[in-house]
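These notes are about the structure you will find just below.
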């Protein structure tokens with residue numbers, strides 16, 4: 001049974017709306033997705049990878065990177081096809097955000113590596129027909145992991161902060177960095193759901 005084009009295209013359409021911010025790129029993506037059901041199998045595979053590349057190259061925020069994931073509805077050959085697209089997409093996208101900390105960059109690198117392994121396992125099932133794709137995806141995954149490692153080396157380390165009393169994130173941001181505008185980033189690193197009442201023990205960037 002072939003991969004379900006409808007599931008793949010719906011997934012790509014949802015990602016494009018959520019991640020692609022350039023109006024011209026989004027309009028082009030929408031038109032290409034609308035035309036994709038009628039093209040032959042080989043062309044569809046190439047088009048799906050091309051669409052995934054545009055989405056990945058539009059990733060600028062950490063939340064966008066996190067959106068690149070298998071849809072719940074995918075299974076069998078459809079899941080394999082999406083795994084291949086994700087392997088490529090995460091490798092491209094992982095090098096784009098300004099990772100705020102070493103742990104976040106390392107988590108991204110781990111995710112890129114894992115997605116690459118899943119993708120090449122899916123490609124391996126294609127036999128000789130997937131040899132070029134296997135080599136290409138293995139290469140870009142390795143390059144992406146090296147680049148993210150470099151980004152991790154330049155990112156700020158994370159420290160534990162203990163306050164003894166709950167304080168607003170703006171106050172803590174000013175105390176830690178001299179800049180209350182960094183409160184949102186402080187909340188994200190700490191994983192706090194209540195910016196006005198931060199935990200008394202939390203993770204924060206060292207600088």
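Roughly how many Å is it from the Cα centre of region 88-145 to that of region 19-69, as a whole number? Cα centroid to Cα centroid, the span is 17 Å.
Sort the following peptides by mean Cβ neighbour count (other Cβ atoms within 10 Å, averaged over residues), highest first: 185-191, 74-80, 122-128.
Working: 185-191: 17.9, 74-80: 16.3, 122-128: 13.6.
Final packing ranking: 185-191, 74-80, 122-128.
With respect to the chain, whose longest principal axis is taken over its alpha-carbon atoms, helix 76-93 is tilted by about 50°. Just so you know, the Cα atoms of region 158-205 work out to an Rg and Dmax of 9.0, 23 Å.
Specify whether the C-alpha gyration tensor of region 27-126 places it in the rounded, prolate or oblate class, a ≥ b ≥ c being the square roots of the eigenvalues: rounded for a/c under 1.5, otherwise prolate if a/b is larger than b/c and oblate if not.
On the way: a/c = 2.42, a/b = 1.43, b/c = 1.70.
Because a/c hits 1.5 or more and a/b fails to exceed b/c, region 27-126 counts as oblate.
What 222 nm value per residue comes from the helices of the chain, counting each DSSP H run with n ≥ 4 as -39,500 (n - 2.57) and dividing by all residues, nearest 500 deg cm²/dmol?
Working: 9 runs with 133 residues, N = 207.
About -21000 deg cm²/dmol.
When you restrict to C-alpha pairs under 8 Å that are six or more residues apart and normalise by the size of the chain, the relative contact order lands at 17 percent. Put simply, the Cα atoms of the chain extend 62, 32, 28 Å along their principal axes, the longest span coming first. GNM remark for the chain: springs join alpha carbons under 10 Å apart, and the peak mean-square fluctuation among 170, 118, 141 falls on 170. Region 107-149 has equivalent-ellipsoid semi-axes of 21, 11, 4 Å, by the square roots of 5 times the alpha carbon gyration tensor eigenvalues, sorted largest first.
Every number in this text was worked out from the coordinates using simple rules, so none of it is lab data. A quick note: this is a predicted structure, and the numbers were derived from the prediction, not measured. No Cβ is skipped: glycine too gets one built from the backbone with ideal geometry, and neighbour counts run over all protein chains shown.
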